[in-house]
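Heads up, the thing below is written out as structure tokens.
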Amino acid sequence: MHAEPDLETSLLGPVLADRVCGECMACCTILTVNTPEFKKPAGTPCEHLTSNGCGIHAVRPPICRSWFCAWRRVASMPDEARPDRSGLLVSLNFEREPRNCFEGVSVSVRKLPGSDAIESGMAAIVLDSLCDGLVPVWFSDGSKKMLMHPDPEVAGLVLSGESAPSHLQDEVAAWREQYGVFAASDGTG
Ligand code: SF4
Ligand code: SF4
């Protein structure tokens, strides 16, 4: 959990008035929190988490007040994609030492432990709703992460600097313009 409110608003959109967390507590367990005021490791329920939600809601840390998963912001994601219902937690991810231009700032789609989101088709629906802009999208199934957007051919051309075939020229140029010039690098799988 890492809040960059301005960047999150510009890339994902503002928090939607008609989306509420309800019984969902996914982020309070799944994510790392590393702020001066409050820290917790990934994959571990927060020490303040109770069966009724946050036990210190009225005085919860600033990060918990300002951070929202993508489902709370992205209108194109279906209503049924709330993390506790879909088994998918989607958020903006920031890598301090990215291996390539697709890792620095990206949308991360995490399959939650025990989730059947791949088998049910929900993962495909959610990915479809996210993979249409100039923000990279990664999918993590718990054991590995995969770049889902842009597709491998476009990603390879963006990273290699090679000339793109005519049907991909506009798309490759748009990604290159968005992310500038990057060294060729592996790490898209
Ligand atoms: S994962 Fe999203 S919907 Fe669930 S509690 Fe966190 S912010 Fe709310
Ligand atoms: S302090 Fe409350 S809102 Fe923040 S992670 Fe812990 S349980 Fe969740």
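Descriptive notes on the structure:
- Working note: Cα atoms of segment 11-50, range along each principal axis, descending, whole Å: 29, 24, 17.
- Take SER66: with every protein chain present and a 1.4 Å probe, its accessible area is about 40 Å².
- Anisotropy class of segment 58-127 from Cα gyration tensor, a/c 1.5 cut: oblate
- Sparse packing (at most 15 other Cβ atoms within 10 Å of the Cβ) combined with a DSSP loop state is found for none of the trypsin sites (Lys or Arg not before Pro) in segment 21-81.
- Counted over all Cα-Cα pairs of segment 97-168, pairs farther apart than 16 Å make up 53 percent.
- Cα-derived Rg to Rh of segment 64-189, Kirkwood definition: 0.99
- Accessible area of segment 59-119 divided out per residue, in Å², using a probe of 1.4 angstrom: 45 Å²
- With 5 Å bins from 0: P(r) over segment 9-98, alpha-carbon pairs, percent: 3, 12, 23, 25, 21, 12, 3, 0
- For segment 90-189, size of Cβ-based charge dipole, Lys and Arg +1, Asp and Glu -1, in debye: 360 debye
The values are calculated or read from the model by the stated rules, or taken from the named source; none is laboratory data. Keep in mind that what you see is a predicted model, and the values were worked out from it rather than measured. Reconstructed Cβ throughout: ideal geometry from the backbone, glycine too, with neighbour counts over all protein chains shown. Only protein heavy atoms, including side chains, enter the accessible area calculation; ligands, DNA and RNA are left aside. Shrake-Rupley method; radii C 1.70, N 1.55, O 1.52, S 1.80 Å.
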